[in-house]
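Scroll down for the structure; my scribbles are underneath it.
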Amino acid sequence: MSDEKPDYKVYRSRPRWLGGRKEQDGLNELRGAQPASAPPAGGAASERPDYEVHRSGGSRLPTMRRPQLRRGPRLKPGRLTLGRIVKWLVLALVGWLVLSTVLFLISAQIQHGDLASKVGSQLDSGPYPLTGANTILVLGSDARTKGLAEPGSGGPSRSDSIMLLRIGGGANASLSIPRDTVVDIPGHGRNKINAAYAFGGPALATQTVKQYLGVDINHVVEVSFENFPELVDALGGVTYKGGCVVSKINGGRKNGGTTLRLKKGETEINGKQALALARTRKNECAPNENDLDRAKRQQQLVQAMKDKVTSFETFIRLPWVSWAAPKAVRSDMAGPTLLGVVGASLTGGSSKQRVLQPSGGVTLPDGGAGLTVTDTEKRDEVARLLRG
């Protein structure tokens, strides 16, 4: 028999902390020795087999226990807490605002139309409304729509309301121009200022106002009487605060027009009533009222709508309002700029409302009666407007 050593090695990857006695017994058995618990047979020492045992690891060192940190009770999945409630409310509010903003931008883009190309040459550049003041010309057309079934539907229209808004950069002011104010209309001579819209649309109306007041105009907004009631209804109506109003627009309800009856004090009015109020010139409750009183009511109506937009009730309706608002107007502004105007108006505080005061009357060549305004009055009112 050869005396050569067997060509193999035995490795242990790691010592066992427990059960080490059994491993040692097994190793002794390979070596031909008796287990440690039993004495060697015959009292003679057993010979060890001639091979090497290599161990990769040494003896295990005792491990130190890490200090245990005290922790509060673990929350069970789905358990409601104040923090979770606040978190979900904030997420819901942000989502509601984002949805409303997207609907506003889409609706504004759809309604953008070609007004920008029509009036672009008459407009002056200005800053973004949220960062700087802009002067905006608002024109309310008195066009009779088929939906209202009024006499004169489809005929040439005049600007039933003319208002300058100063919005942005903390400014918030308005100046109304009475529609019977006599001015020089480029290419058409002297006439009432509201005739400029009938002669040349929003472009000529813009040019006429700029020339008459000597003021730059950054944007133009046309109010659609056809869709205006829809906007007010989307707001859930508005609150009118003022005296008694009884008026018959275009002959009243019996003749295909509209009849409006409002009591003195506060009254909740819907879209159709708000439109009739904005167009009321002859008030049977106050026969002495004139076009200046009508302009003041229009400004009050704009303020009432602004107050309603910032109410909690409107926040619940915000997506519907955001979709309806651009449909009530037509402007040269794309969605982001129009949104900036709305934001600047809502954050600019209460509007300072003014009406251009006439100094007397004048008879036109066609026999019609108009109003005149002094240069001093125009200059002072424009200065107040630009100060915001």
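The values are calculated or read from the model by the stated rules, or taken from the named source; none is laboratory data. Predicted, not measured: the structure shown is a model, and the values here were computed from it. Reconstructed Cβ throughout: ideal geometry from the backbone, glycine too, with neighbour counts over all protein chains shown. In case anyone asks, the SASA skips ligands and DNA or RNA and just uses the protein heavy atoms, side chains included. Shrake-Rupley method; radii C 1.70, N 1.55, O 1.52, S 1.80 Å.
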Discussion item. Over region 278-388, what is the relative contact order in percent, taking alpha-carbon pairs closer than 8 angstrom and at least six residues apart?
Written reply: 18
Worksheet entry | Solvent exposure of region 162-206 as accessible area per residue, Å², 1.4 Å probe | 26
Discussion item. If I model a spin label as a point 7 Å beyond the Cα along the Cα-Cβ vector, how far apart are those points for residue 364 and residue 312 in nm?
Written reply: 5.1
Worksheet entry | Extension gain from residue 128 to residue 241, taking 0.36 nm per residue of separation minus the Cα-Cα distance | 37.4 nm
Worksheet item: How much length is gained if the chain between residue 264 and residue 97 is pulled fully straight, taking 0.36 nm per residue apart and subtracting their Cα-Cα distance, in nm to one decimal?
Response: 56.5 nm
Discussion item. I'd like to check one number: the per residue accessible area of region 289-342, probe 1.4 Å, reported in Å² as a whole number.
Written reply: 42
Worksheet, complete the sentence: Heavy-atom accessible area of region 230-388 with neighbours in place, 1.4 angstrom probe: carbon+sulfur share in percent works out to 53
Discussion item. Within 9 Å, Cβ to Cβ, of residue 123, how many net charges do the neighbouring residues add up to if Lys/Arg are +1 and Asp/Glu are -1?
Written reply: -3
Worksheet item: What distance in nm separates the simple spin-label points at residue 106 and residue 81, each placed 7 Å from Cα in the Cβ direction?
Response: 3.8
Worksheet item: So which of 254/296; 327/378; 87/241 end up more than 31 Å apart by C-alpha?
Response: 327/378; 87/241
